[in-house]
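What follows is one structure encoded as structure tokens, with my remarks underneath.
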Amino acid sequence: MSKKILKGIVTSAKNNKTIVVEVTRKFKHPFYEKVIKRTKKYHAHDEENKFKEGEAVLIIECKPISKKKTWQVMDK
């Protein structure tokens with residue numbers, strides 16, 4: 001099984017080697033057929049602390065690094 005890759009915006013880069021990425025997805029409601037927007041925040045591992053708030057990044061699934069970090073920054 002391949003690893004998931006998500007695209008999002010960095011909302012926080014205050015922690016050491018960790019960034020918070022907000023991923024937005026759109027889907028159609030199964031019954032009402034209205035387009036709904038949902039956002040979710042993921043903690044991602046950033047080894048060199050090179051990403052800042054507001055940047056668009058790609059994150060990929062990885063083995064658990066800590067309690068909340070199971071994602072790793074791939075690229076811009």
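Where strands (runs of 3 or more DSSP E) fall entirely within region 1-73, those with at least 2 residues that are open to solvent by 100 Å² or more (accessible area, probe 1.4 Å) are at 18-28, 35-45.
When both residues are 6+ apart or on different chains and their Cβ atoms are under 7 Å apart, which pairs have a first residue that lies in region 1-13 and is among the polar types (S, T, N, Q), and a second that is part of a loop (DSSP other than H, G, I, E, B)? The qualifying pairs are T11/E53; S12/E53.
The values are calculated or read from the model by the stated rules, or taken from the named source; none is laboratory data. Keep in mind that what you see is a predicted model, and the values were worked out from it rather than measured. We place every Cβ from the backbone using ideal geometry, glycine too, and count neighbours over all the protein chains shown. The area values use the complete protein model at the heavy-atom level, side chains included, leaving out ligands, DNA and RNA. Shrake-Rupley method; radii C 1.70, N 1.55, O 1.52, S 1.80 Å.
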